[in-house]
Amino acid sequence: MKILFKWRVIYILVNLLAWIAVLFAFVRQQYLTAIFVSVILLAFSALFSIMWKTMKKKGYQTEMEISRFLGKDAKEALAFGEVGILIYNDEYRVTWQSDYFKLHQMNLLNEKVTVWMENTRDLFEEDLDTVTGRVGDQVYEVMRKEGAQVLFVKNITEITELKDKLDTEEIVVGLMTLDNYNEYQSYENDEILNVINTRMRSSLITWAKDNGMFLRRLRSDRFLVILDTGILEKVKSRNFTILQTIKDQADEVDVSITLSMVFAYGTHNYMALDNMINDLLELVQSRGGDQVAIKKFGGKVVFIGGNSEKSSQRSTVRVNIVGATIEDLIEESPKVFVLGHTNTDYDCMGAALGVSNWVKALGREPYIVLKDVPRDKQLQQTMDFYKQTIDRHNLITPDDAARLIDPDRDLVIMVDHGIPAISSGRALLEHCRRVVVIDHHRRSENFVDSPLMAYVESTASSTCELVTELLQNSSVSIPIFEGEATIMYLGILVDTGRFKSHTSERTFQAAATLRSWGSNGNYAEKALQEDYDQYIQRTDLVSRAVPYKKHFMIAAAEQPVSRTMLSQVSDTLLQIKGCQASFTIGTNVENGKTAISARSDGTFNVQTIMEKMQGGGHFAAAAAEREDLTVEEAKKLLESLLDQVQEEEK
């Protein structure tokens, strides 16, 4: 109201001058003019008085309403806390403002709140209670009082700047490791080691120091690094160029050394950070190295890189050690439950049958928890063909397993998967304390918690290859019949695309071992034959595939198809000259979800793409399944992810 008193003074002065002019007219005997002006002045004065009383009453009413609305103490507290108050009308124009705004040289009367700070529109259109926005170089928090046209305004510029500073200066702890360094160190080749130390290791040290990181060597191939979140964001925005630098230098001297880096932050509990970086390093190296893993405490892992296939570190010695450990765990357990994944395939079932025979040979009772679990159509036909062999195994439902298991004493062995969400015995994993994993897929952050043993080898062609090696090196004689050997052989055959991809010397050795155990190669080839309708469907899908960004092929099925068909189409597309990776998308005929099958020629990491689509797999073969996306939406998401990868590589 104080601003209105100024206009009252001005009115009185102007009115006084007007009456002097009237008096002057009477003196000059200009009576008509004097009377006319006098009548106008009297009428104007009456109107002004009425208006003044109305405005004064309205102003006091507003003050009283604010006082009554907030209470006198609350109003004083808001003033002390430097909180401004605005009252607005139905057009969001300010009809009253508290003294706070005058003190800060702001006059918002008759201004639209949405013009003063644009995102206050969200308060009215999205029914929010609070918004934060910037006006000039100041940051304000605006809160709307429900049920009243009142806004509370607080300047939070200083708090925001402090928070931003804290966010960029938060401590980050990391580990950097030169993958396969110890392998070359064991050769005792001083010339190669000198090149590695003077070029690659020094490049890593220089990169860390140039970016302001604290660096200390823990051992010949590993470094502890301390930095802040500001530095982390800077090197992340540059896509960790040191990864490519180390790879290029390794190629120049013909060594297979890559760099793995992990970073953890988000807590002042340094023991928690220590556990995080060690877990992350194990995760990264199980995924093949040559990548960065970043995790904020309580958040998800972010992976960057991973563009190299992992070199195999399996040896007969390691297989023997792993096998002996698993045998000890089996012998300590009254019962053993073998879990596979949903949408069971040859590799999963073959591995489960092999482990079941292993457990029997050790004198324990095995249960395969894959009864009534969705499985591949061709696998079901093969199991029907070898029904007599399959009936020798205890296939039970997940519900039966839940009733039989002793969570504290019995052992659970997960084959061909390590993620509880896709397990046939998901409920068992929530309670069982004794878990073993045998898998050939790259490890993900959703991996089962705290397994007793995790034998994860992403360089293996299949889980059946791993199980064959374990059985071959077992301390006991394990009988394997034709049906089991054939299904295990089919597991390798399917996962390698008939030995065309992701194979090694050990793959062929495992296949040869299975043939010596009685696998029927002729039946295996017939089991994978397509009928006429399947052939036409696959040919049609291949014809619909389109090139994307020169090096990729993408096919989208209009009609529901099986996951096997999707993978077969991707395998076929990969044979096209110049294709580094192929993707086939369609609706899974089994469950109605949108499924994606991805294949690579070994030069492109399809696992990282599928992980971003909530799937997984390994370097050259991966898949995903989503129920929240249509085929077209999944295709657009895939294309955007491929665009993102190519941008990062530039």
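The values are calculated or read from the model by the stated rules, or taken from the named source; none is laboratory data. All values reported here derive from a predicted model rather than from experimental measurement. Neighbour counts run over all protein chains shown; Cβ positions are idealised from the backbone, glycine included. Please note that ligands, DNA and RNA were not included when accessible areas were found on the heavy atoms of the full protein model with its side chains. Shrake-Rupley method; radii C 1.70, N 1.55, O 1.52, S 1.80 Å.
In segment 76-178, if every C-alpha pair distance is counted and binned at 5 Å from zero, what percent goes to each bin?
Calculated P(r), rounded to whole percents: 2, 11, 20, 23, 15, 9, 5, 4, 3, 3, 2, 2, 1, 0.
Kindly rank 428-434, 90-96 from highest to lowest mean number of other beta carbons found within 10 Å of each residue.
Working: 428-434: 16.7, 90-96: 14.6.
Peptide ranking by packing, descending: 428-434, 90-96.
Please list 3J(HN,Hα) in residue order for segment 358-364, calculated via the Karplus relation 6.51 cos²θ - 1.76 cosθ + 1.60 where θ = phi - 60°; whole Hz, with x for glycine and proline.
Rounded to whole hertz, the list is 4, 4, 4, 5, 8, x, 10.
Please report the relative contact order for the chain, taking Cα pairs under 8 Å with a sequence separation of at least 6, and give it as a percent rounded to a whole number.
Values: 1083 pairs, mean separation 46.5, N = 650.
For the chain, the relative contact order is 7 percent.
What is the distance in Å between the Cα centroid of segment 581-606 and that of segment 431-463?
Distance between centres, Cα-based: 22 Å.
If you count, for each residue, the other Cβ atoms within 10 Å and average over each peptide, how do 110-117, 330-337 line up from highest to lowest?
Details: 110-117: 16.1, 330-337: 18.2.
Result, highest mean first: 330-337, 110-117.
For segment 244-257, in order, what is each residue's ³J(HN,Hα) by Karplus, 6.51 cos²θ - 1.76 cosθ + 1.60 with θ = phi - 60°, in whole Hz (x at glycine and Pro)?
6, 4, 5, 4, 5, 5, 5, 5, 5, 9, 6, 10, 9, 9
As a check on your grasp of the helix formula, calculate [θ] at 222 nm for the chain: sum -39500 (n - 2.57) over DSSP H runs of n ≥ 4, divide by the residue count, round to the nearest 500. Present the calculation step by step, with values, prior to reporting the outcome.
Working: 27 runs with 307 residues, N = 650.
Theoretical 222 nm ellipticity from helices: -14500 deg cm²/dmol.
In degrees, nearest 10, range 0 to 90: what is the angle between the Cα axis of helix 157-168 and the longest Cα principal axis of the chain?
The angle comes out near 20 degrees.
Can you pull the percent of the chain's accessible area that's carbon plus sulfur, 1.4 Å probe, other chains left in place?
Details: 17180 of 33180 Å².
Carbon and sulfur atoms account for 52 percent of the accessible area of the chain.
Pairs to check: 300/636; 112/145; 234/636; 550/612; 209/296. Give those whose C-alpha atoms are more than 19 Å from each other in this structure. Walk me through the intermediate numbers first.
On the way: 300/636 24 Å; 112/145 17 Å; 234/636 29 Å; 550/612 22 Å; 209/296 23 Å.
From the list (300/636; 112/145; 234/636; 550/612; 209/296), the Cα-Cα distance tops 19 Å for 300/636; 234/636; 550/612; 209/296.
Using only alpha carbons, build the gyration tensor for segment 161-276 and give me the equivalent ellipsoid semi-axes, biggest first, whole Å. Intermediate values should be presented prior to the final figure.
On the way: eigenvalues 178, 46, 21 Å².
They are 30, 15, 10 Å, listed from largest to smallest.
Solvent-accessible area per residue for the chain at a 1.4 Å probe radius, Å²?
On the way: 33180 Å² over 650 residues.
On a per-residue basis, 51 Å².
Out of these labelled values of Rg and Dmax of the Cα atoms in Å, (1) 29.1, 97; (2) 37.1, 138; (3) 31.9, 160, which was calculated from the coordinates shown here?
(2)
Which angle from 0 to 90°, rounded to the nearest 10, does the C-alpha axis of helix 631-649 make with the longest principal axis of the chain?
90
Any idea how far apart residue 102 and residue 157 come out in nm if each label point goes 7 Å out from Cα toward Cβ?
2.2
With a bin width of 5 angstrom, please list the P(r) values of segment 347-394 as percents of all Cα-Cα pairs, from the 0 bin to the one holding the largest distance.
5, 19, 31, 28, 11, 5, 1
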